[in-house]
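Values quoted throughout were computed directly from the atomic coordinates according to the rules given, and no laboratory measurement underlies them. Please read these numbers as outputs of a predicted model, since none were measured by experiment. Neighbour counts are summed over all protein chains in view; Cβ atoms, including those assigned to glycine, are modelled from backbone coordinates with ideal geometry.
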Amino acid sequence: MKYVAVLVVVISGLLLGACTPRNTHFGEPVPEDISASWRLAGVEVIVPETLTVSEHDTYAPEADIVWHGDPLLPGTTRQQQIAAIVKAGITDAAKRLHGSRPVILQATVTQFHAITPVARESIGGMHNVDFTLNVLDARTGALIMGPVAIEADEVALSGAEAYAAADRGETQKVRIRNRIFRVVATWLGVAGEGEQVVQGSAYGVGR
């Protein structure tokens, strides 16, 4: 399981700060001459019902969906909550597309495994966020590009560091949304200076 090396990752994070390794993959970036012709018409996020969900407050619940960053109010589901986060991150990136061809970015979530409250209070870890992405012609529905497997993990803060970040508005939700934005923006070729991310793996990180 990915969480075997969580303590190693936390220690590495203390040493490396912003350079803490996390799993980041998005295949070959879209050629700039292609993405420059696109204009965002919409973002769709699919969270399959086959994904398992856990509400257990343990260090590493064995489930595809683990999210405690929003209260689970009556009439809401974890699937709806994570779909909103993923959609927001993708939209933040894709709204920078200003070409003439309207496109729809369609994401299918394969894993959204954030840390639990008990892990947030103690060892921290990694938010594992995986989805596939298709680019569709908004007029015809034809597939232009994809599916592309996106892995956009983010370092999960813990203890006093997590509380301090939340106090300044950097909640788990904001950190995950921003990471999705940076990964998708890099893939689309629209990331600004300092926003680009580098693909790579952190062995043993996560579930």
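If you check every pair at least six apart or on different chains, which have Cβ atoms under 7 Å apart with a residue in the stretch 39-63 that is among the hydroxyl-bearing types (S, T, Y) first and a residue that is crowded, with 16+ Cβ neighbours inside 10 Å and not in a loop (DSSP other than H, G, I, E, B) second?
Partner pairs satisfying both residue conditions: T52/I65; S54/V66; Y59/Y3; Y59/A119.
So which residues in the stretch 170-201 are within 20 Å of G146 (Cα to Cα), out of contact with any Asp or Glu (no Cβ under 8 Å at 6 or more places or on another chain) and of a type in the set (G, A, S), if there are any at all?
A191
Filter the stretch 27-50 down to the residues that are within 20 Å of the chain's Cα centre (by Cα) and surrounded by 18 or more Cβ atoms within 10 Å (Cβ to Cβ) and list them by number.
So in the stretch 27-50, the residues within 20 Å of the chain's Cα centre (by Cα) come out as 27-30, 40, 42-50.
Correct list: V30, L40, V43, V45, V47.
Just give me the residues in the stretch 44-67 being in a loop (DSSP other than H, G, I, E, B), within 18 Å of A152 (Cα to Cα) and in contact with a helix residue (DSSP H, G or I) (Cβ under 7 Å, 6 or more places away or on another chain), in sequence order.
The answer is V47, W67.
Could you check the stretch 92-116 and list, in sequence order, the residues that are over 19 Å from the mean Cα position of the chain (by Cα) and either outside any loop (DSSP other than H, G, I, E, B) or β-branched (V, I, T) (or both)?
Initially, the stretch 92-116 is screened for residues over 19 Å from the mean Cα position of the chain (by Cα), giving 97-103.
H98, R101, P102, V103, listed by residue number.
Which residues, counting only those in the stretch 147-176, are in contact with a Leu (Cβ under 9 Å, 6 or more places away or on another chain) and either without any contact (Cβ under 8 Å) to a residue 24 or more places away in the chain or among the hydrophobic types (A, V, I, L, M, F, W, C) (or both)?
Pass one, the stretch 147-176, residues in contact with a Leu (Cβ under 9 Å, 6 or more places away or on another chain): 147-150, 163-166, 170, 172, 175.
The answer is V148, A149, I150, Y163, A164, A165, A166, E170.
Filter the stretch 153-196 down to residues that are of a type in the set (V, I, T) and surrounded by fewer than 19 Cβ atoms within 10 Å (Cβ to Cβ) and give me whichever is nearest to Q81 (Cα to Cα). Spell out how you get there, then give the answer.
Looking only at the stretch 153-196, we keep the residues that are of a type in the set (V, I, T), and these are 155, 171, 174, 176, 180, 183-184, 186, 190.
Okay, now just the ones that are also surrounded by fewer than 19 Cβ atoms within 10 Å (Cβ to Cβ), so 171, 174.
Details: T171: 15, V174: 13 Å.
Going through the qualifying residues, I end up with V174.
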